[in-house]
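Below: the structure, in structure tokens.
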Amino acid sequence: MPTLYDFDLSADCYKVRLLAAILGIPYDRHNVDFFPGMKHLSPAFLAVNPLGTLPVWDEGDLRLCSAHAILVYLAERHAPGGPWLPRDPALAGEVQHWLGFAEGLATSAGAARLAAGMEFDLDLAAAQARAHQLFERMDEHLWFREREGGNWLCRTLQPTLAEIACFPDVMLSEEGGIAREDYPALRRWSDRVKRIPGFEVMPGIFPAKIGA
Amino acid sequence: MSPQTQPDPFMRDQWYPVSALQDIAAGTPRVTKLFGQRVSYRREADGACSASTEDRALPVLQRYGCLWTSLGTPGELFEIPEYTEADRRNVAAGTVAVQVSAQRGIENFLDMGHFPYVHTGILGALPHTEVKEYNVEETPDGREIIATECLFYQPMASTVSTSGADVEYIYRVPHPTCSVLYKSSPLDEKRLDVIALFGQPTGEESFRGHMVLSILDDVNTDDFISYFQLHIFGQDKPILENQMPKRLPLDPRAETPIRADKTSIMYRRWLTRHGATYGVIPAQG
């Protein structure tokens, strides 16, 4: 059984849990107390991942240490040729664009959440300003996608890894003091993500139907 | 928000937690805030802990797995007798920073009505939403609020639960930003698990919640117990941060309570009677 080194409140770890839930991939979770315990910097964890970052996916002979690498691996391993990582060259490029965009969300909206909620010594105002810029771009993009009849970030009929990678830092943004009132298309998109079959929540994110 | 509101005497002269003891390593001081003031704390070479502001040393107390300090002249910290029972697991289960007043945090801790909606499948489940009649009173010396006979259906009341059950709760509020909750232990029907929320008001509209447990659990690791508590607190955080106003209004007409809010009503009256103004919106006239 694969092991996920995981912190419950981490947006990056949630990306992996979310895709695993949707694809029905079983795993053992190994809790690493990132905050306040700072266990990701402990010798025991640095022996697993010298970078000291979460999540880590461990299958014994394979160990992957970044959320997006794990997403790509799981999609190809468990749903090869499926909708999550399209083989079409243009669509494959679009997915990669959004995986990169999601890194930007992590270092802006995600960083603001770490500063506001976990007392990380980061420039909160700058992170919030950058997150608003990215949300505005995303909202505009999704608005045009809706005009074309599309529901998702890439020009696909079904959700892709782009959704999984971008969704957590968008949905958790209020914990970093970044409101989403001004981004209606972004909000509609996040409601659609919540209705993907197999969708799973994390603390801070509620299901589309409360109490479900 | 005003640049630096001073705490009222009642709030100032209390002990406040600033960190779990297990999170204070020897060496470099760590910095946090209390009432908007920078407070640094450290562990000395001999293992003792100290705390100070920029210009003075502060009193310290090591109790219930936390380091406590005060900007005023605190009296005795409240007692949790169960904490010293030999067969209990005492776990400092985590710290979460929340952008809302500490009193809002305590009020949420006292509320059973939100369990099925916010902690679905763990502390509550639809359609079991009813908060049954319960008792609330002040202790004769007026120092504490106690709510008893609180019964609530919970699918997974604790880390050792194997099925849903009606769980009995007792709440104590012995401190303006701390509450201690007792709930029936799934392992021993005659004894109660203790779950405490210790609030550290970092500002008027922000606090750090330190969760401390003293429970009967011979199965799970500290790590899993901590994970379980952080998971629950993580569910509360967005709800708390969306509350308006961010300070707790004490005027009985400011918000519309229902019967299930009896403890909260008593808590607000108690804060008013003690003259609390920090982190709250005092009643006018």
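The values are calculated or read from the model by the stated rules, or taken from the named source; none is laboratory data. These numbers were taken from a predicted model, which means no experiment stands behind them. When we count neighbours, we look across all protein chains shown, and the Cβ atoms used for this are built from the backbone with ideal geometry, even at glycine. Protein only, heavy atoms only, side chains kept; ligands, DNA and RNA dropped before computing areas. Shrake-Rupley method; radii C 1.70, N 1.55, O 1.52, S 1.80 Å.
Computed over the protein assembly as shown, the convex hull of the alpha-carbon atoms projects to a mean area of 25.1 nm². Among B:THR162, B:THR148, the order of accessible area from largest down is B:THR162, B:THR148, computed with a 1.4 Å probe on protein heavy atoms. Accessible surface computed residue by residue for region B:137-285, with neighbouring protein chains in place and a 1.4 Å probe, gives 42 Å² per residue. Other residues whose C-beta falls under 10 angstrom from the C-beta of B:LEU248 contribute a net charge of +2, scoring Lys and Arg +1 and Asp and Glu -1. Using heavy atoms of the protein chains and a probe of 1.4 Å, the accessible area assigned to A:ARG130 is about 120 Å².
The 1.4 Å probe gives accessible areas that order A:LYS15, A:LYS209, A:LYS194, largest first, as A:LYS209, A:LYS194, A:LYS15.
Summing +1 for each Lys or Arg and -1 for each Asp or Glu among the other residues whose beta-carbon sits under 13 angstrom from that of B:THR263 gives -3. Taken per residue, the accessible surface of chain A reaches 43 Å², heavy atoms only and a 1.4 Å probe. State whether region A:89-194 is rounded, prolate or oblate according to the following rule on the C-alpha gyration tensor (a ≥ b ≥ c being the square roots of its eigenvalues): a/c under 1.5 gives rounded; otherwise a/b larger than b/c gives prolate, and the remaining case gives oblate. It comes out prolate by the Cα gyration axes. Solvent-accessible area assigned to carbon and sulfur over region A:3-78 amounts to 58 percent, based on a 1.4 Å probe. Estimated at the nearest 10 Å², the accessible area of B:THR256 is 130 Å² with a 1.4 Å probe. Here the accessible area of chain B is 53 percent carbon and sulfur, with a 1.4 angstrom probe and all protein chains present. Note on chain B: with a GNM built from Cα contacts shorter than 10 Å, the maximum mean-square fluctuation among B:GLU204, B:GLU76, B:GLU137 falls on B:GLU76.
Please compute the net charge surrounding A:GLU181, taking Lys and Arg as +1 and Asp and Glu as -1 over other residues with Cβ under 14 Å from its Cβ. Let's see the in-between values first.
Working: positive: A:ARG180, A:ARG187, A:ARG188; negative: A:GLU136, A:ASP139, A:GLU174, A:ASP182.
Net charge in that neighbourhood comes out at -1.
Shown for region B:226-240: residues covered by the partner protein chains by 40 Å² or more of accessible area relative to the chain by itself (probe radius 1.4 Å), namely B:TYR227, B:LEU230, B:HIS231, B:LYS237, B:PRO238.
Within 10 Å of each Cβ in A:28-40, how many Cβ atoms from other chains are there, averaged over the peptide? Walk me through the intermediate numbers first.
On the way: counts 0, 1, 1, 7, 2, 8, 0, 6, 13, 8, 2, 1, 0.
Per residue, the number of nearby Cβ atoms from other chains is 4 on average.
Compared with its chain on its own, region A:106-132 contains the following residues whose accessible area drops by 20 Å² or more in the full protein assembly (probe 1.4 Å; ligands, DNA and RNA excluded): A:ALA116, A:GLY117, A:GLU119. Our helix-only sum for chain A, with -39,500 (n - 2.57) per DSSP H run of n ≥ 4 divided by its residues, gives a mean residue ellipticity at 222 nm of -15000 deg cm²/dmol. As an exercise, use a Förster radius of 22 Å and the Cβ-Cβ distance of A:ALA47 and A:ARG77 to find the FRET efficiency, rounded to the nearest 0.05. It comes to 0.30.
When A and B come together, around 1900 square angstrom of accessible surface is lost from both chains combined, probe 1.4 Å.
For B:LEU123, the solvent-accessible surface with a 1.4 Å probe is about 10 Å², rounded to the nearest 10.
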